[in-house]
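Some notes on the structure that comes next.
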Amino acid sequence: MSLSQFTGFRTVLASPFKNVLQLTIPSLNAGVQIRERSTKHWAPQFKKLRRLKIQKVKLPNFREENDASKLTPDQIRARMKEQGILPPRSWMEKPVLITATGAVFEPYVPPEGDGKLSTLSLGGAKQSVELLSKKSKSMMAVRKIKSFDEDFSTSTFPEIAQEVYLGAHKALAEKDYDGLHKYVTELCFPIMTHDIRFCTIRWQFLKSLEPPRIVHARCTDIVTKENVFSQVTVRFHTQQTLAVYDRFGRLIYGSEVVAKDVLEYVVFEKHLANQYGLWRIHEKIIPDWMPQREPGIKTFVQEEPEIETPAEDVTVSATPAESAVAAVA
């Protein structure tokens with residue numbers, strides 16, 4: 001049989017089969033290519049459930065050796081590759097990012113009576129002389145800061161510090177913890193947010209009684225000499241109002257009407273080695289001579305008084321022997 005005869009015979013056999021398919025499958029008559037199969041289920045919406053009826057479970061191989069000391073390196077590598085485990089390294093290195101120090105190095109010691117003594121008085125003159133004697137280290141620290149930050153200036157920094165101070169206290173009053181991280185360090189954040197979860201804070205800045213000024217500056221390095229941190233202490237003498245309410249709306253501290261004069265020594269810290277470092281509040285220095293703050297008035301649940309119930313009289317029936325003794329008497 002020639003090739004042409006075989007092709008014609010195949011065409012004759014294929015035409016009846018094609019007619020049968022067109023009768024059973026309507027998509028062929030429409031000329032639309034649709035992927036169909038004869039084993040398609042009549043309810044395809046339950047296809048996922050039918051697939052979940054059979055789940056592959058990995059059974060443990062009790063004949064497998066579990067002691068790693070008895071396995072060869074190739075067997076350990078093959079087993080770890082099968083389980084998707086990366087091989088352990090011979091060294092243990094973990095990245096460490098130090099964005100803030102854990103304390104105030106060389107804290108500033110405020111002179112006693114600061115904010116109350118005039119510079120013309122004897123005590124005020126002594127304070128001025130002491131500040132001049134301590135300025136040498138601060139000037140060296142300022143020079144170190146300028147070597148990293150060229151825009152730093154002792155005349156403009158107090159204004160920047162006051163903006164950070166106001167932003168931190170506003171974020172604290174609004175309980176904006178994400179915004180508060182921009183203004184305070186990791187050391188100061190838990191101190192400022194301690195025990196205010198169920199409190200409502202009303203804080204307002206009224207005015208500055210004295211312009212803020214830098215009173216102390218220090219620099220130090222951690223781990224390496226290039227990793228330099230700087231701390232600048234700024235003196236604030238302001239007038240503010242503060243009122244704290246508990247979860248029941250009762251006033252526990254301060255007042256929204258009565259303004260108070262506040263004298264604070266705030267430490268600002270910056271990671272100088274970090275190109276994108278920011279000046280943030282690190283801590284507040286509270287001198288020993290400063291009077292203690294008034295304690296907050298807290299509310300407690302009053303315990304109900306215990307009422308003593310009188311003992312009830314209980315009659316006890318007498319035994320036959322006791323009754324006989326009583327009758328003889």
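Data table
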{"item": "For region 136-285, alpha-carbon Rg over 2.2 N^0.38 Å", "result": "1.14"}
{"item": "Spatial separation of Cα centroids for region 289-312 and region 145-201, in angstrom", "result": "37"}
{"item": "Difference of contour (0.36 nm per residue) and Cα-Cα distance, S90 to I191", "result": "32.3 nm"}
{"item": "Residue-span extension gain [K170 to K225] - 0.36 nm each, minus C-alpha spacing", "result": "16.2 nm"}
{"item": "Residues R77, R89, sorted so that the one with the fewest Cβ neighbours within 10 Å comes first", "result": "R89, R77"}
{"item": "Nearest-0.05 FRET efficiency for I252 and E210, computed from C-beta distance (R0 25 Å)", "result": "0.25"}
{"item": "Residue order, fewest to most beta carbons within 10 Å, for I281, I297", "result": "I297, I281"}
{"item": "Set K144/K270; K135/K260; K170/K260 screened for pairs whose C-alpha atoms are more than 24 Å apart", "result": "K135/K260"}
{"item": "Label-point separation, Q302 to L49 (7 Å along Cα→Cβ), nm", "result": "6.1"}
{"item": "Order of W279, W289, W203 - criterion: other Cβ atoms within 10 Å of each residue's Cβ, fewest first", "result": "W289, W203, W279"}
{"item": "Computed label-point distance, nm, for sites Y276 and E294 using a 7 Å Cα→Cβ extension", "result": "4.5"}
{"item": "FRET efficiency for R202 and I98, using Cβ-Cβ distance with R0 set to 35 Å, rounded to 0.05", "result": "0.45"}
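Quick note: the coordinates plus some simple rules give every number you see, no bench work behind them. Keep in mind the model is a prediction, meaning the values are calculated, not measured. Heads up, the Cβs are rebuilt from the backbone with ideal geometry, glycines too, and the neighbour counts pull from every protein chain shown.
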